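The values are calculated or read from the model by the stated rules, or taken from the named source; none is laboratory data. Note that the structure is a prediction, hence the values are computed from the model and not measured. Glycine gets a Cβ as well: all are built from the backbone with ideal geometry, and neighbour counts include every protein chain shown.
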Amino acid sequence: MPDHQPTPFQEAEVQPVDDFTVVRSPDGRWYTVTGPCPTCRARTVFRVAHGVLGPLKGRLRHRRARPEPLTGSIPVYCQCGYPHPDRPPESPDAGCGAFWDVPVPPPAESGDAP
């Protein structure tokens, strides 16, 4: 894995230059994207919810089905956790400010069971 580069903080859309791993959770409600940030090169892990989260109440408690797989892409933000010059103290980002889209692989490629 490449070393982290302390690039100045800048919110900017970038193009991914490496392959990213996209893993769907066994219950189908989370996707985890892992790979190097295209800007600062640090390993970043980004987790996104999909479908309805939390327990159901009442009569529908046992009827929740696994959501259909995502299609398209997942917007990912750098979450490297390293300090970056010029990052505003009020910034909610934990990275360099870069964001990009990662395509969601078809279920067969991501290891999902039907």
Exercise for review: Please specify each residue of segment 29-41 satisfying the condition of being part of a loop (DSSP other than H, G, I, E, B) and free of Cβ contacts under 8 Å to residues at least 60 places away in the same chain.
Suggested key: Arg29, Thr39, Cys40, Arg41
**Study point:** Identity of the residue in segment 86-104, buried (at least 18 other Cβ atoms within 10 Å of the Cβ) and under 14 Å from Leu70 (Cβ atoms), that ends up modelled with the highest pLDDT
**Key:** Val102
Point to revise | Selection count where residues are modelled with pLDDT of 85 or more and assigned to a loop (DSSP other than H, G, I, E, B), scope segment 63-85 | key: 9
Point to revise | Of all residues in segment 24-47 being loosely packed, with under 15 Cβ neighbours inside 10 Å and in contact with a Phe, Trp or Tyr (Cβ under 8 Å, 6 or more places away or on another chain), the one that is modelled with the highest pLDDT | key: Thr32
